[in-house]
Structures are given as C-alpha cells and as structure tokens.
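The values are calculated or read from the model by the stated rules, or taken from the named source; none is laboratory data. Computed from a predicted model, the values in this text were never measured in an experiment. FYI the Cβ positions are ideal-geometry reconstructions off the backbone, even for glycines, and counts take in every protein chain you see. Side chains included, ligands, DNA and RNA excluded: accessible areas come from the protein's heavy atoms. Shrake-Rupley method; radii C 1.70, N 1.55, O 1.52, S 1.80 Å.
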Amino acid sequence: MLNYEEELKKFKPSLEVEDIEDAVYQEDLSDMSDLLKQVMDRSGVPTRS
Amino acid sequence: MDYTKKIMYHSNYWYNDGLKRAQIRDTSGAIVSLRRSLQYNRENVAARNLLGLVYYGRGEVAEALVEWIISRNFRQRDNIANEYLRNIQNSNRELGAVNQAIKRYNQCLAYCAQGAEDMAVIQLKRAVSMHPTFLKAYQLLALLYLHAGQYAQARQMLKEARKLDTTNEMTLRYTQELKRLHGRKARQAGRPEEPGKNEVVEYKRGNDTLIQPRPSTVRRSGGGFLNMLLGMLMGAAVVWFLIAPAVQESKAAQMNKEILEYSERIGSMEAQISAQTRMLDSYRATSADTEAAAQNAASTLDSYENLMNVSDQYDSRGYSEDVMADALLNVNRDSLGERGQALYDELVGNIFPYACRILYNAAMESYNVANYDLSADNLDKVVRMDEGYEGGNALLHLGLSCRRRGDGEAAARHLNRVVELFPDTEYANTAREELEAIATEASASPGSEGENSEQEGENPEQSGENQGEGESEQNEEASGEGGEDPEQNGEN
C-alpha cells in the first residue's frame, strides 16, 4: 500500500536551465583514480605521476 | 596489471551495460550503470555523453546539458556533445517550453506540499502537454490520481511513464498499487475480480480522458448475426420498394415510348394508305372517265363506220333497205358531228320508211304463222325506227308477239306504250284487254303476287289516266275497270 506522503517526498525538484551553470560547478567529478590516490597518500605510499 | 587499466576496463564494462539498458529503454538502469562507469573513470566521454542522452530521453534536459558541458570540457574535439549542445542552442523555443514545464513541475511539488492537489494536477497536465517526455511529471500525476481515486487517469499516466522508462521502480510500484486498488473496488462492488475486465474503458488522448463502455463479446457475436440478418432484410426491402418500382417504371416508360413510336408509324402509314387510296380512286375515276371516253370514242368510231358503210351501201344501190336500216340502228346519232348527223338524218329519211315497210310485212307474216320470235325481232326494229308506225299497230303486235312467246314483262311494257301513245284507238283497247289478260294470268300463277302488285300499281295508273281524259266512254270503262279492278283486287 502506497503512502502518499512518503511517495511525495521521493519527488525532488528538477534542475532548471538557469541552474545548469551552478550544477556544472558543483558536479562531483572524482572517480576511482582520485580515490586510489587519496588512499595511497594516506598510507604514505609514493605515487607515480 | 596496471590498476589504471583495470579502472578503464571497469569503466568500459559499466558503459557497455548502460548502453544495453539504454537500448531497451531501461533509463533508470542505464543511469545507474553509466554513473558507475563515470565513477571508475570520469573522463569516459562516451559514458558521459550517453548519460546525458539518457537524461534527455526521460525529459531531464538540464541534467543532460550538464553532462554534455562537462564532456565537452574533457574533450573539446571529436566530441558528439558539441553537436548535442549546438542543437539545443539552436532550438531556443523548445528549450524555453521545456524550461517552463520544469518550472510548473517544481511548482506542483509546492502545491502538493500545501495540500492543493487540484492545482497541482492542473499544472502537471500543462507540464506534460508542453514537455511530453517528462517522466517525473507523469509519475507525480499518477500519484495524485491514485490519491484522488481516479484510477483510469492514473493508469493512463503510468502507461506513458512506462513508455519512457520500462523498468522504473516507481512506475512499476504504482502500477502494482493500481491493480490492487482496482481489484479491491471490484470486490466491494460485488462483482468477481476479473483483471482486465471492466464495464468501461478509459483512456487518455492528449489532455482529454475518454470513457467508453466495454463492448460485450457475446452481444457482438449474436448481435452481429442479428444485425446482418436485419441488414439483409432492409436491403431486400429497399430493393423491393425503391429499386424494383423504379426499374419497372423505366421499363414501362420504355414500352410506352415504343408503343408511341409504333402508333406514330401506324398513323403515318395509315395516312399514306389513305392518300394512296385517294390517288387510286382518282386514277380509277380517271380511268372510268377515260374508259367512258374510250367507249364513247369507240362508239363514235363505230357510228361513223356504220354511217359510212350505210352511205356507201345506199349509194351503191346494192343493199336492201332493211339491211341498211340495221346498220343505221347501230349508229349513235349523238356521237356524230354536225355533218354526220345531217348525213344520218338524210339516210334515215331515205331508208327507214322502206325498211319499216319491209320489216313490218315480214313481221306480220311471221306473226300470222305464229313465228313470234321472228315477228318480235322485226317489229322491234320497226318500232325502233318508227314507234308510231301504222298508227301503233307495229307496237301493238310487238307487245302481242312478246306475250305470245312468253315474255310478259316486255309485252306489258309495249302494250302500255300503245295505251300511252294511242289511247283513243282500237289498238289501245286491244292493248288494254291484253294487259288484263296478262294480269289475270299473273295472278293465277304461283308467286304471282309480285306481278299482281305491279299490275295493281299499273291499274290505278290506268284508272288515273282514264279519269284524266274525261271522256264518257273512258269514264264508263274506267268505272267498269274501276269496278273490275276492285274485284281483281279482292281476288288478289
């Protein structure tokens, strides 16, 4: 059985055209390479450039 | 293996997975896979471009633009994202409409939070009309319809949402909820739950929702046959009442036309026949006149011939007068010309007296020896030449000769002529006596009534004539005859 209120909460506002610029800047572009680099930096393992 | 390569492989693997899902319109799954691909390698331009395309396909144009812009930043050349962005920039009008739809959608979320579902529904209807591939708008609208109990509209919205994203979890869940709610409603109405069976069919066409009663298969099959039978009957009735009379009328008109033509032809032929008949009659009359003229001409010719012959015979002194008289009797004096008539008269004056004498003597001799045929012939010629020859004696004996040889009619005619021409003579008395005897003989014989009637006709005439003369003897005779006549009449 659906809960109308709960379901309604799942709907988020959609991105408008005026907000594209901000969204581009706020986009998280980190990937696995960055993650591995962080791990290696924390562990003190020298990384190849 | 170098870990960078592994990362690349993983990134490509999830890109491929996302591509497969995108190809079957599993946009939700494609987004997950492509995001994972980008998590492995953010510079996977293909994955990012495809992700933007997937976002564009489900109506999230702004998100798509973000991905394409980022993709272009990673690779500015040989990047299809440039073309995508160029197309979007060139269609400012469509982009504006999409933006308006997104704004309405965002406004609807505020309405829903405020409890104004009616306003939200109105705005969402406008949004989906402006942006028909806006998945989230369809889902939100379906949720609102489900909440309002408008299951038909909800079903329609979910149907459109499934077209855009076949495996969207929210869409599938709403569809399941719809089925559950619909079955519960059917049970509450007392009817057996028959998924897919409903008395009405609701479907959406644009912004309009159409509700039609579900057609019954039973009614369709039985009613179809009945309708076909009814249609056949109506067709037969139309043919019988409309087409057949028209056909018959046309045939009758054709027949009337032919009859009219034949009548006209008959009339014209009758006219021709009457004209030809008139022409034939005129020809006959002409021919009769021609024939009469021919006969007259022949008679004239014969008359002239006879006249010339007689003239020659007379001049030759070689023929007897009776012979020449026979020839002259055949001459038609009226057909002769003036000179012909003069010659005729001359010859008649010279021949007839002698011929009468000869023929009269011969006739009397024949009469005396009871040769009544010869005497009648000769006396007939004499009478023709001179009716009053011998004071009527020739005429009298002609009548007597005819009577003696049995020709009562001719005898009566000649005897009456005697009485007529020579009434005061003894010949007339004799003629009267003979006429009485003839009448008596006629009344005595069978079938003599006609003769008697003729004689009765004659007797009054005779009595009339006798009275007209006014002499005493005649009056006595008439009285006697008048006295006798009634007796004869009584006998008759």
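Things to note:
- Residues satisfying the stated conditions in segment B:25-39, i.e. open to solvent by 20 Å² or more (accessible area, probe 1.4 Å) and of a type in the set (S, T, N, Q): B:Ser28, B:Gln39
- Applying the criterion of being in a helix (DSSP H, G or I) and in contact (Cβ under 8 Å) with a residue 12 or more places away in the chain to the residues of segment B:335-344, the residue that is most open to solvent (accessible area, probe 1.4 Å) is B:Leu343.
- Test result for B:Asp78, assigned to a helix (DSSP H, G or I), of a type in the set (Asp, Glu), away from chain A (no Cβ under 13 Å) and open to solvent by 20 Å² or more (accessible area, probe 1.4 Å): no
- When residues in segment A:4-49 are screened for being of a type in the set (A, V, I, L, M), part of a helix (DSSP H, G or I) and facing another protein chain (nearest Cβ under 9 Å), 8 of them pass.
- Matching residues in segment B:49-60 - criterion: being at the interface with chain A (Cβ under 10 Å from one of its Cβ atoms) and without any contact (Cβ under 8 Å) to a residue 60 or more places away in the chain: B:Tyr55
- Boolean, B:Asn207 is open to solvent by 30 Å² or more (accessible area, probe 1.4 Å), more than 14 Å from every other protein chain (Cβ to nearest Cβ) and either under 27 Å from A:Glu16 (Cβ atoms) or at pLDDT 85 or above (or both): yes
- Taking segment B:80-122 as the range and being outside the structural domain of B:Ala62 (by TED's automatic domain parsing) and aromatic (Phe, Trp, Tyr) as the test, the residues that pass are B:Tyr105, B:Tyr111.
- Some residue of segment B:123-130 being open to solvent by 30 Å² or more (accessible area, probe 1.4 Å) and facing chain A (nearest Cβ under 10 Å): no
- Flag for B:Arg42 being open to solvent by 50 Å² or more (accessible area, probe 1.4 Å), within 23 Å of B:Lys136 (Cβ to Cβ) and either within 12 Å of chain A (Cβ to nearest Cβ) or touching a Phe, Trp or Tyr at 6+ places or on another chain (Cβ under 9 Å) (or both): no
- Options B:Ala431, B:Ala394; residue that is in contact with a Phe, Trp or Tyr (Cβ under 8 Å, 6 or more places away or on another chain) and of a type in the set (A, V, I, L, M, F, W, C): B:Ala394
- Of everything in segment A:8-31 that is open to solvent by 100 Å² or more (accessible area, probe 1.4 Å) and not basic (Lys, Arg), the residue that is nearest to B:Tyr145 (Cα to Cα) is A:Glu18.
The rows are residues; the columns are (1) facing chain A (nearest Cβ under 8 Å); (2) buried (at least 17 other Cβ atoms within 10 Å of the Cβ).
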site: B:Ala47; (1), (2): no, yes
site: B:Leu65; (1), (2): yes, yes
site: B:Leu85; (1), (2): no, yes
site: B:Gly149; (1), (2): no, no
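- Checking B:Lys20, B:Lys6 one by one, the residue that is of a type in the set (D, E, K, R), more than 11 Å from chain A (Cβ to nearest Cβ) and outside any loop (DSSP other than H, G, I, E, B) is B:Lys20 and no other.
- Any hit, segment B:350-371, residues being surrounded by fewer than 21 Cβ atoms within 10 Å (Cβ to Cβ), more than 20 Å from B:Asp326 (Cβ to Cβ) and without any contact (Cβ under 8 Å) to a residue 24 or more places away in the chain: yes
- Residue list for segment B:301-339, restricted to those being out of contact with any Leu (no Cβ under 8 Å at 6 or more places or on another chain) and of a type in the set (Asp, Glu): B:Asp302, B:Glu305, B:Asp312, B:Asp315, B:Glu321, B:Asp326, B:Asp334, B:Glu338
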